[in-house]
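Here is the structure we will look at.
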């Protein structure tokens, strides 16, 4: 069984929690895109973790975790992430963590370029892209310019040094002569690679071969996405997107088995809306209303710690996300967070210059869209102990049923608390 677990909205929907839960029956969990520009929060018997690079199956002792060719990997950050996890008793070895030989390395100058450009945009236009300033856009740009270092390059030091020197000479045209920053020293880049990249040589392999063999043996493989449909480079709210493809269809490509088709796509969405980063967010709450929801849901970015924008559940955006992800079923997270509300707003349509639409727009039409709300009755009680749909209060069930009908997809899982066991599987 090949299953993709993806985000329906702007990211931060709770994918890590669901991967951690569903990986109990998995043989492999594979990340297939992105870098350390977003985080997946997982709470289990080892503690609370915010994973930026490592697949969320790492806490299962019999699961192999793959970092696929579609990823861009800051190996200094990965070093720190592994240390933080292993200090709490989790074993990470070349046996349970595999890094694709085709994955791209995020180098220090990519981070510098990201900061330089976001700073320039802020100062000149006042409209930065909302980057996490971790080098993601610059490294993906270099990947498609064919001017990056890949994990496989680490095994040939003479050739690696020549590549580094040639690439750094090219990058300095922009860093030094464009932005006016100090030029990059290729010797420092080589030292960085020896310090942070060389220790990962034992983890590097042909992940496509591993995944292909597992598929032929009928193994259960979960593909873990980063961010959500609305941050996809092609189908998201461009240019306020990530620089990779976060949709389910890219999972086999970004993990190393492009010729294989998925069996299932599970979309993750919150019971309300959140957004980190810049760009249009039609259901944005402000003031006391936003503060209450942000506090109730502890809505701060897992990678950056930035306060998330919060808002009502957005049917228009979510229905579009279900379509883009080809979702077969939905996992609805953080239903418990809404338990404090008397009346729960749901955005059921957009008003665009007097035109009421349920079709998700892009570009200027999205910028000027205004939400059209319906209000559902709240349930005003703790639901964290509920383990079946019948256990939920009537109004909570009605809320779930309303959302499922509006987005046109069956809700299979409902999280009612942050702990691993606090969820409902709808039979």
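We did not get these values from a lab; they are worked out from the coordinates using the rules stated. These numbers come from a predicted model, not from an experiment. Positions of Cβ are backbone-derived with ideal geometry, glycine not excepted, and every protein chain shown enters the neighbour counts.
DSSP beta bridges in the range 39-150, what fraction antiparallel, as a percent rounded to 5? The antiparallel fraction comes to roughly 55 percent.
For the pair residue 300 and residue 356 in one chain, pulling the backbone fully straight at 0.36 nm per residue adds 16.9 nm over the alpha carbon distance.
Largest mean-square fluctuation among 384, 141, 56, in a Gaussian network model of the chain whose springs join Cα atoms under 10 Å apart, belongs to 141.
A Stokes-Einstein calculation at 25 °C with viscosity 0.890 mPa s, built on the Kirkwood radius of the chain over Cα pairs, returns a diffusion coefficient of 110 µm²/s.
Between the helical axis of 207-216 and the longest alpha-carbon principal axis of the chain there is an angle of about 50 degrees. Rounded to the nearest 5, the antiparallel percentage of DSSP beta bridges internal to the chain is 40%.
Taking Cα atoms, how many degrees apart are the long axis of helix 157-175 and the longest axis of the chain, rounded to 10 and kept between 0 and 90? It works out to around 70 degrees. Exposure proxy for 339, 385: other Cβ atoms within 10 Å of each Cβ, ordered fewest to most, give 385, 339. Remark: 316, 124 ranked as 124, 316, counting other beta-carbon atoms within 10 Å and listing the fewest first. Is the shape of the range 148-301 best called rounded, prolate or oblate, per the rule: a/c under 1.5 gives rounded, else a/b larger than b/c gives prolate, else oblate, with a ≥ b ≥ c the square roots of the Cα gyration tensor eigenvalues? Because a/c hits 1.5 or more and a/b fails to exceed b/c, the range 148-301 counts as oblate.
A Förster radius of 45 Å, combined with the Cβ-Cβ distance separating residue 146 from residue 288, puts the computed FRET efficiency at roughly 0.30. Ranked by Cβ crowding within 10 angstrom, fewest neighbours first, how are 205, 275, 386, 381 ordered? Lowest to highest Cβ neighbour count: 381, 205, 386, 275.
Using a Gaussian network model of the chain in which every pair of alpha carbons under 10 angstrom is joined by a spring, one finds that among 282, 195, 41 the greatest mean-square fluctuation is at 195. Computed from Cα positions, the angle between helix 315-325 and the longest principal axis of the chain comes to roughly 40 degrees. Each principal axis of the Cα cloud of the range 1-139 was evaluated for its coordinate range; sorted largest first, these ranges are 51, 30, 28 Å.
Considering only 158, 101, 391, the Gaussian network model of the chain with Cα springs below 10 Å gives its largest mean-square fluctuation to 158. Inter-label distance, residue 158 to residue 213: 3.2 nm, where each label sits 7 Å from its Cα along the C-beta direction.
The distance between label points at residue 122 and residue 48 comes to 2.7 nm (points 7 Å beyond Cα on the Cα→Cβ vector).
All C-alpha pair distances within the range 105-200, sorted into 5 Å bins from zero, spread as 3, 13, 23, 24, 19, 9, 6, 2, 1 percent across the bins. Each of residue 170 and residue 394 was given a label point 7 Å from its Cα along the Cα-to-Cβ line. The distance between the two points is 6.6 nm.
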